[in-house]
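The values are calculated or read from the model by the stated rules, or taken from the named source; none is laboratory data. Owing to the predicted nature of the structure, the values given are computational and were not obtained by experimental measurement. Backbone-built Cβ (ideal geometry, glycine too); neighbour counts: all protein chains shown.
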Amino acid sequence: MDDYSRIRGCLLGGAVGNALGAPIERESLAAIRARFGAEGLTDYAPAYGRLGAITADTQMTLFTVEGLIRAMNRGRARGICGPSGVLWHAYQRWLATQGVSPREPMWKSFGQPRPDGWLIDVEELHRRRGPGASCLKALFAGGFPNINHPVNDSKGCGAVTRVAPIGLSGTWNAFELGCEAAATTHGHPAGYQPAGFLAALVQALGEGATLEAAIDAALAPLSKAPRNEETMAAVRDARALAARGGVSPEGLETLGDGWTGDRALAIALAASLAARDFRGAVLLAVNHSGDSNAAGVLAGQIWGAMAGVEGIPATWLERLELRGLIETLAEDLYKAVNELETSEEDGTYDWDRYPGC
């Protein structure tokens, strides 16, 4: 399997898991079964007026991709780049799509009257699809918060669901940048460390590791991080549940409800370890009481990075909202990472669409 298939698989897989989980995000397992039958949800259901609808989780993931390419361009053109700052700028552009103007817009510091780049002008991304309160408040507040200067004490799952592309970039330390990118909106270790773990996990999967080996690789930096108890426990609990075999929706609920980053990660990891294929992983991840949406995103990203785009059922891809846009960003990320179609002068990729700031 080639790198391009894994990049497409991770981005599209996360969006598919998002679209499956969105209609049942706040429903109990009993309500899900009463609505869809004993097996629970097994296909797209209507959300936001259509089938296959994505939410803010996928929107922010796409802005993560844009920010990563712009960070690569900045580093290649100027020889230096702080990627977490470029990602913060990208997330502020996403905030603008939600109809909120940041108190201290980064684009003004670059002398720009409005957000630049091409993704900000995609009309469909301006639809409000359940944006998280922590993300909205932190991005509005400004000041570029980080791990050492947290903006809040949030451990919500809105950070871990957007960082998988960091693990696909192959350019920076995935764990460190995953944590830094998450900490711009979620200041508690159980909010940003799961993001660092996921980014490192996806990086290892992209390099061809098995899921168990990728978990070990991601645990190495996590085990050295301060205040790591909750995220370490989440990984340990997920592995223990999967090792017992016969993982069920009821079993997943013993891991928590998935509203925090560490518990969303636990549910997605257990579902991914227990499943034999992409379909089984995402359906197991979404059919539980709690944040079905976040768990579906993470399981889809994990299995997409493992199995590639070929592992995702075609019927789900065909009906996925903004599939073409996601494919475009996957292709651009692949080309930028591998320095294809880059400038002979400075090695940048499509500066007009991805200016380095």
Hey, among A274, A330, A299, which residue is without any contact (Cβ under 8 Å) to a residue 60 or more places away in the chain, small (G, A, S) and touching a helix residue (DSSP H, G or I) at 6+ places or on another chain (Cβ under 8 Å)? A274
Check Y354 against each of (1) part of a loop (DSSP other than H, G, I, E, B); (2) surrounded by fewer than 21 Cβ atoms within 10 Å (Cβ to Cβ); (3) at pLDDT 95 or above; (4) not hydrophobic (A, V, I, L, M, F, W, C) and name the one condition it does not meet. (2)
Looking for whichever is in contact (Cβ under 8 Å) with a residue 12 or more places away in the chain and under 19 Å from the mean Cα position of the chain (by Cα) here; the options are W107, W88. Which one fits? W88
Please specify each residue of the stretch 272-307 satisfying the condition of being under 15 Å from R6 (Cα atoms), surrounded by fewer than 24 Cβ atoms within 10 Å (Cβ to Cβ) and among the aliphatic types (A, V, I, L, M). A307
In the stretch 10-36, how many residues are over 13 Å from I54 (Cβ atoms) and small (G, A, S)? 4
Hits in the stretch 17-61 - residues which are closer than 16 Å to A299 by Cβ and within 12 Å of the chain's Cα centre (by Cα): G17, N18, T55, D57, T58, T61
Of the numbered conditions (1) exposed (fewer than 14 other Cβ atoms within 10 Å of the Cβ); (2) out of contact with any helix residue (DSSP H, G or I) (no Cβ under 9 Å at 6 or more places or on another chain); (3) in contact (Cβ under 8 Å) with a residue 24 or more places away in the chain, G49 satisfies every one except a single condition; which is it? (3)
Can you tell me which residue in the stretch 39-83 is farthest from A336 (Cα to Cα), limited to those that are acidic (D, E) and outside any loop (DSSP other than H, G, I, E, B)? D57
Which residues, counting only those in the stretch 110-122, are of a type in the set (G, A, S) and either surrounded by 12 or more Cβ atoms within 10 Å (Cβ to Cβ) or under 26 Å from L333 (Cβ atoms) (or both)? G117
Need the failing condition index for R93 against (1) within 23 Å of A159 (Cα to Cα); (2) in contact (Cβ under 8 Å) with a residue 40 or more places away in the chain; (3) among the basic types (K, R), just the number. (2)
Which ones in the stretch 138-185 are within 18 Å of the chain's Cα centre (by Cα) and among the aromatic types (F, W, Y)? W172, F175
Run down G142, G167, G99 and say which single residue is under 28 Å from A305 (Cβ atoms) and either out of contact with any strand residue (DSSP E or B) (no Cβ under 6 Å at 6 or more places or on another chain) or crowded, with 22+ Cβ neighbours inside 10 Å (or both). G167
Surrounded by fewer than 19 Cβ atoms within 10 Å (Cβ to Cβ), part of a loop (DSSP other than H, G, I, E, B) and without any contact (Cβ under 8 Å) to a residue 40 or more places away in the chain - does that describe any residue in the stretch 27-36? no
